[in-house]
Amino acid sequence: MIKTITALLMLLCLQPIALAETIRVSVTDNLQQILDTAADGDVITLAAGEYPGNFVIRHAVTLQGTPGAAINAGGQGHALQLQSEHIQIEDLTITNWGGDLTAQHAGIYADQAASHLVIRNNTLKGDGFGIWLQGGQHLQVEGNTVTGNPQLRSADRGNGIQLSQVQHAEVSNNIVSHTRDGLYIIASQNNVLKNNTMHDLRYGIHYMYSHSNRVENNLAYRTRAGYALMSSRQLTVVGNETRDSEDYGFLMNFITYSTISHNRIQNVWTKPEHKVNGREGKGLFVYNSGYNTFSYNTIDTAEIGIHLTAGSENVKVFGNTFLNNPVQVKYVSNRKQEWSQDGIGNFWSNYLGWDLNHDGRGDTPFEPNDGIDKLVWQYPEAKVLLDSPAILMLRWIQKQFPVLKPAGVKDSFPLMRPFTQTQPASAHTQRQPATQPTSG
């Protein structure tokens, strides 16, 4: 028996062992043929030059570029289609893939539940989707720059990075601009989006039908909405920034059991040429979303600081800073809400109370919306009367006779000083592109 095992081991030792190779490719080589004949683990390195075509990767290889190496898809189809697990795509320039959104044309495309993919430090520019990953697990999308076509209508562009039915993905340190949405996540769980920069888009980050995801330290600017969170639950959204949005800093529609904390929202203002009654820039818009916590966020210079409507109840709101918003709160409900937690309320820049015992909290509650506010919401033209003696008299009467006061928001412990944001430094502060004109 021992002799048999020894002989078998010697035979195995004599067999050739396949080792991973580094294959160097020039523009005169047939790249698709090389991809088809490569073995799992091979590293395929493209020399400088343009590689025209639509390429399919069927093996677990690394495809990487050197400076000046570019794949040009010729205006049709996918530039790279990934059909295996354990593929890495690195340091490539990818351009000119197809623009058919129904066919899901993308610069890098994987829809066969391919897992353990790494897509790192690539530059993509085209009409359709930038990176589309579907059905896989353990994905890493890091350090890529994706640019859409600003000559197309926003609705006719693909999303920059799209994750569909994926789990355990990390999307970090990417820059996305001039696509439809920057990062679009649908039906996906246990993913992390962090340190990404998104600008000149419809929505910076867009969630649909997903749960148990983390959104951390991202930057969105010059968008219609910095962060559009829809039909999802158990999201942790912390340390993000949005500025110069036209309609919403954060748009939340049917979001439950989520934490929105330590984010900064600045300058949400509808352009004059787009103004119609009822369209105002909203720092936080919360629609049909309950059982959420909003804490230690800064909402600075939005037409409406926070707007809650359509059953958005059972929420915790404390530690936030509402600064320089002409309307701090628009609350459409018939149920009273207390916006403080364990003696910690929010800072309101228009709070006129005092702090006689110097404990950092106002001695009188802050009630940001009353019957006069609701009248103005219903009849926006009445805003011109807000400082008139008649309106001031009505407010005084309402205060003296609380029975006339409608149900609304009450902050029993308003803060006398704004909360100081200590958002961690993130990659987007170094990687932000130069300022450009807003593109639809």
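Taken together, the values in this text are just the output of simple stated rules run on the coordinates, not laboratory data. All values reported here derive from a predicted model rather than from experimental measurement. Cβ coordinates were reconstructed from backbone atoms using ideal geometry, including for glycine residues, and neighbour counts include every protein chain displayed.
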Quick check on region 247-350: of the DSSP beta bridges with both residues there, what percent are antiparallel, nearest 5%? 5 percent
Using a/c under 1.5 as the rounded threshold, could you call region 252-327 rounded, prolate or oblate? The axes a ≥ b ≥ c are square roots of the C-alpha gyration tensor eigenvalues, and prolate needs a/b larger than b/c, oblate otherwise. oblate
Dipole moment magnitude, nearest 20 debye, region 182-335 about Cα centre, only Lys, Arg, Asp, Glu C-beta charged: 200 debye
Given +1 on the Cβ of Lys and Arg, -1 on the Cβ of Asp and Glu, and no further charges, what dipole in debye does region 94-188 carry about its Cα centre, rounded to the nearest 20? 160 debye
Straight distance only, please: which aspartates and glutamates reach the Cα of LYS194 with their own Cα at less than 14 Å, same-chain residues fewer than 8 apart left out? GLU142, GLU170, GLU216, GLU241
Cα gyration tensor shape for region 52-207, rounded if a/c is under 1.5, else prolate or oblate: rounded
Please work out how many pairs of lysine residues in region 233-351 are eight or more positions apart (or on different chains) and have Cα atoms closer than 26 angstrom. 8
Modelling each spin label as a point 7 Å along the Cα-to-Cβ direction, I'd like the ALA310/GLU273 distance in nm, to one decimal. 2.9 nm
Whole-percent tail of the Cα-Cα distance distribution for region 91-137, cut at 12 Å, equals 60 percent
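Mean 1/r over all different Cα pairs, inverted: what Kirkwood radius does region 123-271 give, in Å?
On the way: mean 1/r = 0.0680 Å⁻¹.
Radius from the Kirkwood sum: 14.7 Å.
Assign unit charges at the C-beta atoms only (+1 for Lys and Arg, -1 for Asp and Glu), then state the dipole size of region 180-222 relative to its Cα centre in Debye, rounded to the nearest 20.
I would put it at about 40 debye.
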Gyration tensor (alpha-carbon) shape descriptor, region 229-365, a/c threshold 1.5: oblate
Provide the descending list of Cα extents for region 69-122 along its principal axes, expressed in whole angstroms. 28, 27, 12
Highest mean first, how do 306-316, 356-366 rank when packing is the count of other Cβ atoms within 10 Å averaged over residues? 306-316, 356-366
Cα pairs beyond 19 Å in region 183-278, in percent, come to 36 percent
